[in-house]
Amino acid sequence: MKGMVYTTMALLAAAGPAMAAGACDKAFKTVGDARNGALYMADVTVPGLKVQSALDQLRKIGGDDEFEVAGQLVQGDTGDQYLIQRKGLRTPLVLVGTADRTGRVTLATKLARGQSVEPAAAKQSMCGMLDKLKAGSQGDAVAAAGRTQYPMPAMEAVAAPDLSKMMGKEVKDTMALYRSAGAFKDLMLGTTTNKEDKGDRSATFLPLYAKYVGRRYQIDGQIYTVNPNTYSTKPGDIGSINYLVTPTRGLLRVRQSDSYNNNNYTIRCEFASDQAANFTMLRERDWAKLEGEISSIEESSMTLRNCRQAS
């Protein structure tokens with residue numbers, strides 16, 4: 001943020017002037033040992049503030065404060081908005097805003113190991129952002145501006161193998177930063193990187209998750225497996241399919257054996273509750289063109305929710 005006093009590197013983006021001590025200041029927390037990368041949290045409650053309005057206001061506030069406006073995901077009575085700062089950082093910083101139906105909005109960010117910032121500066125920045133949230137027509141106007149200036153990407157039509165190839169490459173390139181950082185450290189210190197260092201892996205992967213969560217895709221392809229939720233007690237939990245994502249090669253477009261499917265970046269589609277009839281019609285190797293929203297991204301797979309037959 002502009003004016004922040006940094007300890008080792010620039011973190012966060014501009015977030016306006018310091019605010020007077022108030023509810024957010026009192027609620028601000030620093031969690032964990034700073035040597036491991038501290039977790040900063042702040043929250044406010046704005047009576048009457050709706051979840052969607054809060055998230056879209058954060059898109060406007062964050063975008064105007066030089067964050068990369070990333071994914072948004074609403075699930076039931078809560079929602080998350082992700083903001084990313086990349087400039088000047090080897091490991092990008094992800095700020096997560098969470099809103100619920102009570103009007104409570106929380107901002108949180110977890111620094112990577114080796115990153116640090118003065119808690120007072122983090123408090124000023126995060127509370128400065130939260131202090132801009134408004135309920136009613138004033139807030140709705142800011143939210144509308146946020147949707148206009150920083151819209152979510154439009155739905156993209158793509159073949160399942162192509163999406164698998166694209167995401168697999170992006171994950172590979174992203175995680176190479178983690179591995180190269182370890183290799184450099186080993187070279188300097190004469191040590192061997194602990195490949196199970198989940199904290200550093202998570203910090204490297206989180207910006208990719210934040211970038212794609214909430215994006216919508218229309219996926220066309222053949223089905224690898226059909227997975228009915230026979231024993232689920234969750235209402236509307238119908239089931240899912242995994243797409244066949246083995247690549248084709250050569251002029252004759254010969255497909256790699258199905259048995260290698262899970263060696264590729266896999267794509268899972270969970271069906272919407274009103275799609276039971278469509279789901280029961282599907283079999284392995286059937287073709288399916290489905291629309292859905294990314295709800296989860298991992299290093300080897302992605303999941304889309306609310307999938308339904310494309311019109």
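The values are calculated or read from the model by the stated rules, or taken from the named source; none is laboratory data. No experiment lies behind these values; they were computed from the predicted model shown. Backbone-built Cβ (ideal geometry, glycine too); neighbour counts: all protein chains shown. Just so you know, the surface numbers come from the protein's heavy atoms only, side chains and all, with ligands and any DNA or RNA stripped out. Shrake-Rupley method; radii C 1.70, N 1.55, O 1.52, S 1.80 Å.
Can you compute the FRET efficiency between LYS26 and ALA120 using 1/(1 + (r/R0)^6), with r the Cβ-Cβ distance and R0 = 22 Å? Round to the nearest 0.05. Please report the intermediate quantities before stating the final value.
On the way: r = 14 Å, r/R0 = 0.64.
Given R0 = 22 Å and the Cβ-Cβ separation, E is 0.95.
I'd like the accessible area for LYS169, computed on protein heavy atoms only with a 1.4 Å probe and all protein chains in place. Round to 10 Å², please.
Near enough 120 Å² of accessible area.
Within a Cβ distance under 13 Å of GLY97, other residues only, what is the Lys/Arg minus Asp/Glu net charge? Intermediate results must be reported in sequence, preceding the final value.
Numbers: positive: ARG59, LYS60, ARG104, LYS132; negative: ASP43, ASP56, ASP65, ASP80, ASP100.
Taking every other residue near GLY97 into account, the sum is -1.
Within the range 200-274, report the trypsin sites (Lys or Arg not before Pro) that DSSP leaves as loop and that have at most 12 other Cβ atoms within 10 Å.
Details: sites: ARG201, LYS211, ARG215, ARG216, ARG249, ARG253, ARG255, ARG268; in loops: ARG215, ARG253.
Loop-located and lightly packed - ARG253.
Which residues' amide hydrogens lie under 5 Å from the amide hydrogen of GLY79, considering only partners 5 or more residues apart or on another chain, with H built in the peptide plane?
Those qualifying (amide H under 5 Å, at least 5 residues apart or on another chain) are ALA99.
How many percent of the accessible area of the range 47-162 is carbon or sulfur, using a 1.4 Å probe? Don't skip to the answer; put the middle values down first.
On the way: 2510 of 5050 Å².
Roughly 50 percent of what the probe reaches on the range 47-162 is carbon or sulfur.
Would you kindly find the accessible area of THR303, with a 1.4 Å probe and non-protein molecules such as ligands, DNA and RNA excluded, rounding to the nearest 10 Å²?
Probe radius 1.4 Å; accessible area of THR303 about 20 Å².
If I stretch the segment between GLN309 and LYS165 completely, what's the gain in nm (0.36 nm per residue apart, minus their alpha carbon distance), one decimal?
49.6 nm
Work out the FRET efficiency for MET155 and ARG35 from their Cβ-Cβ distance, taking R0 = 45 Å, and round it to the nearest 0.05.
On the way: r = 43 Å, r/R0 = 0.97.
Result of the calculation: an efficiency of 0.55.
Mind listing the phi-derived Karplus ³J(HN,Hα) values for the range 223-233, rounded to whole Hz, using 6.51, -1.76 and 1.60 with θ = phi - 60°, and x for any glycine or proline?
My calculation for the range 223-233 gives 8, 8, 9, 10, 10, x, 8, 4, 9, 6, 9 Hz in order.
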